[in-house]
Amino acid sequence: MSWIVEAAPGGGMFLPQIGWHLDAQQRATCSIVSHAHSDHLGRHRTILCTAPTARLMAERLPGRRESIILPYGERWPLSAEVHATLYPAGHILGSAMALLESPHGRLLYTGDFKLRPGLSAEACRVPPGGADVLIMETTFGKPRYRFPAAEIVGGEIVDFCRRALEDRAVPLLLCYSLGKSQEVLAHLRSSGLPVMLHAQAARLSAIYRECGVDLPEFRDFAPDAAEGHVVIGPPQIDRSPEVRRLRRRRTAMITGWALDPWAVPKHRCDAAFPLSDHADYDELLRFVVAVNPRLVYTVHGFATEFARDLRERGIEAWALGRENQLDLTFLG
Ligand SMILES: [Zn+2]
């Protein structure tokens, strides 16, 4: 008897044998929450997550819930026969992979993850002993997504900012408020450039500090005082009235999708830099080898394509909740 994994309506997964969800988005009785990005959250009765995830989730999705806070590496009994252990996923602060051990075998759910070390998240740790069944994210599951070293990308971002400031323009770095903004801020530390953060990124950065992450100084974004500063904010502010008040600005998107040649025209920005908090294609492959599973379910992004690549390497893999019929025909 192996693990049964179902795609949950609205997003996330359901494990019917134990009655727990993984990153459900619709209200669930019990859900493990891998990290606090909004596409992994829901208004559940009981959640199991790390302390930073609970703190960040309280900010992003306030409400009453029972929270089981589990430090990395400690085992928690979900029932008499099933134990959960969280391991750092390296994606954002508090992000966790969940290892479930039961008579059905060992199941590992990655949530979002990356193997490359970051400056503002715990370093990823692959559970020793691997797993029988692996549910993994495959956002960048195509071979064309191979990220340059983060130090190189960080250096390019600093150069972009310096050039803009020399031209008396405000460099505006557009990225997610949670995780990416703090990572970009950390990359700017050695440049000594003064930084302003948009309100949401500033609030979340304050929580990072409360949780013990050492982030460089920043000021709250104020359009009238922004000249001479680097501004970090979410992509949607680019068209906001407050940003339009910046007389001269130069914008850059900070995203793994910057590897797509159409990133700059698509986002109508001046530049795009591939600093990502996800695993790239090679990391995804390396991770599967390290976990050595019998069966892989892929979720998010290029799930169908990556599952097919794994099967071509002799590993049974299927995109969860996706149409796999073409591949079945091929195999049949
Ligand atoms: Zn995420």
I'm trying to understand the selection: among the residues of the range 258-282, which are closer than 20 Å to E305 by Cβ, within 16 Å of the ligand (Cβ to nearest atom) and either without any contact (Cβ under 8 Å) to a residue 12 or more places away in the chain or of a type in the set (D, E, K, R) (or both)?
D280
Scanning the range 260-294 for residues that are part of a loop (DSSP other than H, G, I, E, B), open to solvent by 50 Å² or more (accessible area, probe 1.4 Å) and among the hydrophobic types (A, V, I, L, M, F, W, C) gives W262
Could you say whether any residue in the range 95-110 is open to solvent by 50 Å² or more (accessible area, probe 1.4 Å), of a type outside the set (D, E) and without any contact (Cβ under 8 Å) to a residue 40 or more places away in the chain?
yes
Among the candidates V158, V126, V153, residue that is in a loop (DSSP other than H, G, I, E, B), among the β-branched types (V, I, T) and either more than 16 Å from the ligand (Cβ to nearest atom) or touching a His at 6+ places or on another chain (Cβ under 6 Å) (or both)
V126
When you scan the range 25-38, do you find a residue that is more than 16 Å from the ligand (Cβ to nearest atom), part of a strand (DSSP E or B) and either surrounded by fewer than 23 Cβ atoms within 10 Å (Cβ to Cβ) or modelled with pLDDT under 95 (or both), even just one?
yes
Within the range 89-120, take every residue that is polar (S, T, N, Q) and farther than 15 Å from M13 by Cβ and give me the one that is farthest from the ligand (Cβ to nearest atom).
S102
Considering every residue within the range 8-23, establish whether at least one is out of contact with any Gly (no Cβ under 9 Å at 6 or more places or on another chain), assigned to a loop (DSSP other than H, G, I, E, B) and open to solvent by less than 10 Å² (accessible area, probe 1.4 Å).
no
Among all residue pairs at least 6 apart or on different chains, which show Cβ distances below 7 Å where the first residue, located in the range 40-58, is in contact (Cβ under 8 Å) with a residue 40 or more places away in the chain and within 13 Å of the ligand (Cβ to nearest atom) and the second is open to solvent by less than 10 Å² (accessible area, probe 1.4 Å) and among the acidic types (D, E)?
H40/D23
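The values are calculated or read from the model by the stated rules, or taken from the named source; none is laboratory data. Bear in mind the structure is a predicted one, so any value in this text is a computation, not a measurement. Heads up, the Cβs are rebuilt from the backbone with ideal geometry, glycines too, and the neighbour counts pull from every protein chain shown. Accessible surface is based on the protein model in full, side chains and every heavy atom, while ligands, DNA and RNA are left aside. Shrake-Rupley method; radii C 1.70, N 1.55, O 1.52, S 1.80 Å.
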